[in-house]
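Chemist: What follows is a single structure, and I will ask about it in a moment.
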Amino acid sequence: MSGASFATGGATASATYQKVGSIRAERRRVLIGAYIALAVFVVFFLLPPVYMLITSLKSSAEIADLSGNPWIVTRPTLQNYWELLTEGNYLLHFRNSIIVTACVVAITMVISILAAFSLSRMRFWGSGVLATGVFLTYLVPETLLFIPLFQIIGGIGMYNNLWAMVLIYPTLTVPFCTWIMIGYFSSIPKELDEAALIDGANHFQMLWKIFIPVALPGILAATIFAFTVSWAQFLYPMAFLVSSEQMVLTTGIVSDLIRGDTFVWGKIMAGALMAALPPLLVYAFLMDYYIAGLTAGATKG
Amino acid sequence: MADGSAIAAGRVPATAGQPRTGTLKRMARRRSTLAFLMALPLLAVIAGLVIYPFFYAIELSMLNKRMTRFVGIDNFTFLLGRETFQLVIFQSVLFAVTAVIAKALIGFVLAHVLHALPAKGQRKWRGMLLVPWVIPPAVSTLAWWWLFDPSYSAFNWMLAVFGAGPVPWLGDAGWARFAVILVNTWYGAPFFMIMYLAALKSVPDQLYEAAAIDGATGIQKLRYVTLPMMRNIISITVLFSLIVTFANFDIVRILTNGGPQDRTHLFGTYAFQVGIQSGDIPLGAAVSLFMFPLLAVFAVLILRGVNQRTKEGL
């Protein structure tokens, strides 16, 4: 909200600029306004994760104590983390999440790279329609089709089976990854494939030796997207998995740590924080690739 | 699927049978067969896990609860007559519209603020502002849930410091609606921010210089340079976010589970409750399908925007 006041603040600053005529003073005022707005939003945006960390470091007794300041840890302890990692099913859920995510990312990348190569370079009957169809499929939200999928998964005997996730997550990842890859492949100059064809390369060699290396940033962006979606997916495991051994992190934390009315908040927050860590790390190192891919995918295509 | 591969199979012997029709033509045919085969896994995913379930959903939604009898559109008319479902429609629209407006405004402001920073510090700030969008919503909403806890709410503690009374964050219909919209805004605003930031960076500086020479103020630059240049990306992002927000599940499911008294249910959470938890699969499928017309309209509009953008070569 203070951001809005910044915008008007910036405007008045540039109005005075005409009178004062000092570009440097105007710039400084804009910058100060920018930093204030940023600080306010950073506090708002980081509040929940920081509170997660604070709570995760408290003992149950300290959490239950209503007299103290909830934003301060008086006796920090790692007991919540230790208990999660040594007892209960948390590690199992973590492993399940890793298995599902790794398989889905691999399947997604194979499917979408092959399809994007075919759709961007080698036309066939109906390929134009298919490219549009890919984009429209990307816009189908998971809440639209989870009930028929529930029936289908039950029908093929995969209800409450972790591998059902590997089967159905690609509906959420493949369309957008294909879309990003079509964009990247289309931007590779045609002269490159002509040169490869003249040298006697077949289409697979062309894909492997030219397209994949050249479009590596796009492949990285698509991989991160597939990773993010599979790691964060909540509805499908919620609907299709019921026993704790089959669950992934997103549903496992809630189902295992909330028994009736007892909420083990310290452990819930510790578990949530560790579940958020892999995507946070991936973004910390690869953010630029992802953003480049995402904005290119949505704006060009 | 089946006749698709039949066509492909039919093509291979045809090309092999007449080897002298001209190499170019043959190459083109072989190429298109190969292309089709390479796109086949994609087709299988779309046909088997999107198109087939969609028609299956329509079939399911026309059965009775035990799925033994065809009942036509009875499920749909039943839902429309039910007060809870009317609330769901109203709440989904309210949720999507307010949350998207809030996300778009915050994202727009933040993109401008970041754009004004020197390039060196930009990356660090952008990284911090992206955090809500990076954490899986099913996980971060747990923290919000804890912040909104009726007896231990850390927000209420802060309010008490300023002398304000405790707020029933998730216990009162109005506050609960506010809470789910707030959490969705928190989660989605960074997405708008990076989209707008990318769009801002693509506006040529000469336009602003020309505007400055003509004596344009900051607001005039925004109104006559920035907004027209970003119009397309703004509409694509807003429409896309409308779809995603309208069909949201995670946040409401964890924070309120539709309560209090169904006052925060959205299509997704209500379909889950009716279809999976209460076991009325056909009715749940019908609830989900009610989203389809609106989603289809948004999708077509987005597609038009994207195509226009491709044509303009921006």
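Chemist: So how strong a dipole does chain B carry about its Cα centre when Lys and Arg Cβ are +1 and Asp and Glu Cβ are -1, to the nearest 20 debye?
Modeler: Dipole size: approximately 1480 debye.
Chemist: Within chain A, which complete DSSP H helices have Cα atoms spanning at least 30 Å along the helix axis and a mean Kyte-Doolittle hydropathy of 1.0 or higher?
Modeler: Long hydrophobic helices here: A:23-56, A:90-121, A:265-299.
Chemist: Given springs between every Cα pair under 10 Å in a Gaussian network model of chain A, which of A:VAL50, A:VAL129, A:VAL30 has the largest fluctuation?
Modeler: Result for chain A, Cα springs under 10 Å: A:VAL30 fluctuates most.
Chemist: Sticking with this structure for a sec: Mind telling me which of B:SER202, B:SER92, B:SER241 comes out most flexible in a GNM of chain B, alpha-carbon contacts under 10 Å?
Modeler: B:SER202
Chemist: Take B:ASP250, A:ASP288 and order them by how many other Cβ atoms sit within 10 Å, fewest up front.
Modeler: Ranking B:ASP250, A:ASP288 by Cβ neighbours within 10 Å, fewest first, gives A:ASP288, B:ASP250.
Chemist: Taking chain B as a Gaussian network, where each spring joins two C-alpha atoms under 10 Å apart, which residue of B:THR98, B:THR84, B:THR23 fluctuates the most?
Modeler: Of B:THR98, B:THR84, B:THR23, the most mobile in the Gaussian network model is B:THR23.
Chemist: Which whole-number percent of Cα pairs in region B:83-312 have a distance greater than 25 Å?
Modeler: Pairs farther apart than 25 Å: 52 percent.
Chemist: Based solely on its DSSP helices, what 222 nm [θ] is calculated for chain B when runs of n ≥ 4 H residues each add -39,500 (n - 2.57) and the sum is averaged over all residues, nearest 500 deg cm²/dmol?
Modeler: -24000 deg cm²/dmol
Chemist: Toward the positive end of the charge dipole of region A:83-299, about the Cα centre and with charges on Cβ (Lys, Arg +1; Asp, Glu -1), which of A:LEU294, A:MET274, A:PHE263 goes farthest?
Modeler: Of the options given, the answer is A:LEU294.
Chemist: Which translational diffusion coefficient, to the nearest whole µm²/s, is obtained for chain A from the Stokes-Einstein equation, given a Kirkwood hydrodynamic radius over C-alpha pairs, 37 °C and 0.692 mPa s?
Modeler: Rounded, D is 142 µm²/s.
Chemist: Calculated FRET efficiency, A:ALA39 and A:ALA64, Cβ-Cβ r, R0 45 Å, to nearest 0.05?
Modeler: So the FRET efficiency works out to roughly 0.85.
Chemist: Sticking with this structure for a sec: Could you grab the Rg to Rh ratio for the protein assembly as shown? Cα atoms only, Kirkwood for Rh.
Modeler: 0.99
Chemist: Amide H of B:LEU63: which non-local residues (sequence gap of 5 or more, or other chain) have their own amide H closer than 5 Å, using H built in the peptide plane?
Modeler: B:VAL71
Chemist: Taking the Cα centroid of region A:45-121 and of region A:149-193, what is the distance between the two, rounded to the nearest whole Å?
Modeler: About 24 Å separates the Cα centre of region A:45-121 from the one of region A:149-193.
Chemist: Check every DSSP H run in chain B and write down those whose alpha carbon atoms cover 18 angstrom or more along the long axis and whose mean Kyte-Doolittle hydropathy is 0.5 or greater.
Modeler: Flagged H segments are B:23-46, B:83-116, B:173-201, B:227-246, B:292-312.
Chemist: Net charge within 15 Å of B:LEU182 by Cβ-Cβ distance, Lys/Arg positive one each and Asp/Glu negative one each, not counting B:LEU182 itself?
Modeler: 0
Chemist: Using only the Cα atoms of region A:81-137, what are the Rg and Dmax in Å?
Modeler: Every Cα atom of region A:81-137 included, Rg and Dmax give 19.3, 58 Å.
Chemist: Also, I was wondering about something else. Once you keep just the Cα pairs under 8 angstrom separated by 6 or more residues, what percentage relative contact order results for chain A?
Modeler: Relative contact order of chain A: 27 percent.
Chemist: Right, something else. Along its three principal axes, how long is region B:62-107 when you only count alpha carbons? Whole Å, largest extent first please.
Modeler: Computed over the Cα atoms, the extents are 50, 19, 14 Å.
Chemist: Longest exposed-loop-site-free stretch of chain B, with trypsin sites (Lys or Arg not before Pro), DSSP loop and at most 14 other Cβ within 10 Å?
Modeler: In chain B, the maximal stretch lacking such sites is B:83-314.
Chemist: Find the percent of Cα-Cα distances in region A:181-301 that exceed 16 Å, and round it to a whole number.
Modeler: The answer is 71 percent, as a whole percent.
Only the coordinates and a few stated rules stand behind these numbers; no lab work does. Please read all numbers here as calculations on a predicted model, not as lab measurements. With ideal geometry, Cβ positions are generated from the backbone for all residues, glycine too; neighbour counts draw on all protein chains shown.
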